[in-house]
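Below is one structure, written out as structure tokens, with a few remarks after it.
Values in this text are rule-based calculations from the coordinates and carry no lab data. Everything numeric in this text was worked out from a predicted model, so none of it was measured. Here the Cβ is made from the backbone with ideal geometry for all residues, glycine too, and neighbour counts use every protein chain on show.
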Amino acid sequence: MKRNSALWKKSPAQQVPGNYSITALSNLEFLLRPVAFSRKEAYYLTMSLLNVSNLQKRFNLEAGFFARFGRFVNAVNDVSFSIEKNETYGLVGESGCGKTTTARLLVRMYEADGGTIRYCQGDSDKTTDISALKGEELRRYRQKVKYIFQDPARSLNPRLNVYEVLVSGLRWAEKDSSKNREKLLREKAAAALEETGLAAADLERRPSEFSGGQRQRISIARGLLPKPDLLICDEVVSALDVSIQGQILNLLLDIREKREMSFLFIAHDLKVACYFCDRIGVMYSGMLMEEAPAASLWREGRHPYTKMLFSSVTGIKDSGDGGKGTAQTAGAPAAGKTVQGVSSGCLYAPRCPRAQNICFNEPVPLTEIVPGHKVRCRFC
């Protein structure tokens with residue numbers, strides 16, 4: 001399935017590579033990517049690369065030496081999902097809902113307080129609990145699961161040229177002592193840079209000489225150098241112009257097709273996630289509220305929070321109850337911040353137009369309503 005690198009044109013209907021198009025990323029009148037896989041891709045989609053089960057992480061509410069202990073923020077609360085081989089899984093939600101914390105737990109930037117993360121390498125069925133990895137094993141795992149940060153201006157060292165930015169981590173990871181090591185590293189760096197749309201001559205320039213979109217391409221090239229199985233994209237397009245967003249998304253699609261990689265794609269924008277991802281998990285206050293195939297979520301999203309996210313980007317008011325109720329309650333909290341302690345009911349109940357007494361008093365499990373579609377709501 002060939003994709004043209006020119007995503008955006010001047011006509012109202014913006015053409016997108018493949019057999020689909022979108023009118024613009026500012027509305028939902030688009031046709032999603034066709035779900036058409038080769039026999040080889042279908043095989044990969046049946047095998048889980050990463051399995052996350054009942055993941056939990058909490059932070060002390062106060063910081064400092066004299067801070068009181070015992071008041072916590074539940075950043076990630078009983079989150080479970082899987083990422084298949086050659087699949088793109090999206091995590092979507094408001095700021096503070098736990099998306100980035102979840103991603104950082106996957107590479108052990110933070111240590112989980114509970115739950116398991118199991119990684120399957122190669123074509124074998126054997127999985128590894130990453131919490132047990134240490135030393136060299138952990139270093140090898142982090143080469144197979146790479147993290148691309150949201151702000152390239154902060155994640156790229158301004159004192160180094162692009163070549164040093166790309167290969168400094170690889171030098172530490174591979175520990176090759178051969179004589180032609182630097183030559184091989186330069187060839188790898190040049191190839192990765194050209195794969196992301198920049199020139200080999202850019203290796204000698206510094207990150208400050210590039211635009212925001214170009215710096216993000218450098219970050220992607222750095223993530224591709226070790227040939228990872230999974231690329232974690234933490235809001236890689238949220239700070240870019242709409243036209244540049246399209247170019248970066250197309251680049252990632254081409255990389256996925258060429259390298260047969262998996263992606264964890266974190267975003268605020270459900271429209272962008274539905275365009276780019278195969279499956280999407282919608283997070284609120286550290287919990288998954290809904291999980292569904294991207295091709296059907298924007299049409300068949302059930303949870304009131306999912307509908308609210310869609311309505312917030314389309315400008316269409318949606319009460320979350322099929323149009324029978326009122327829109328967002330005026331006095332409801334506006335931000336998706338994690339809550340203190342352990343709630344006895346649904347975390348979204350204070351903001352939900354469908355909420356009833358039982359929602360505030362009894363926890364709601366994530367229930368599969370149709371194959372592949374899970375919702376944490378009693379009335380969906």
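Quick notes on this structure:
- Distance violations [Cα-Cα > 18 Å] among K175/K227; K57/K307; K271/K307; K146/K271: K57/K307; K146/K271
- Charged neighbours of D202, selected by a Cβ distance under 12 Å, balance to +1 (K, R count +1; D, E count -1).
- Only aspartates and glutamates eight or more places from K183 in sequence, or on another chain, were considered; those with a Cα closer than 20 Å are E164, E174, E194, E195, D202, E204.
- Shape call, segment 202-250: gyration tensor on alpha carbons, a/c limit 1.5: oblate
- Inter-label distance, V242 to E260: 3.8 nm, where each label sits 7 Å from its Cα along the C-beta direction.
- S53 versus A199: modelled label distance in nm, points set 7 Å from Cα along the beta carbon direction: 5.3 nm
- Dipole magnitude for segment 106-216: computed about the Cα centre from +1 point charges on Lys and Arg Cβ and -1 point charges on Asp and Glu Cβ, it is near 300 debye.
- Applying both filters, DSSP loop and at most 14 other Cβ atoms within 10 Å, to the trypsin sites (Lys or Arg not before Pro) of segment 66-169 gives R68, R71, K126, K134, R159.
- Charge dipole of segment 118-178 about the Cα centre (unit charges at C-beta), most positive-ward option of P158, I148, W172: P158
- Straight-distance crosslink candidates among aspartates and glutamates, where the alpha carbon sits under 17 Å from K179 and sequence neighbours closer than 8 are dropped: E187
- Gain upon complete extension [Q121, E368; 0.36 nm per residue less C-alpha separation]: 86.1 nm
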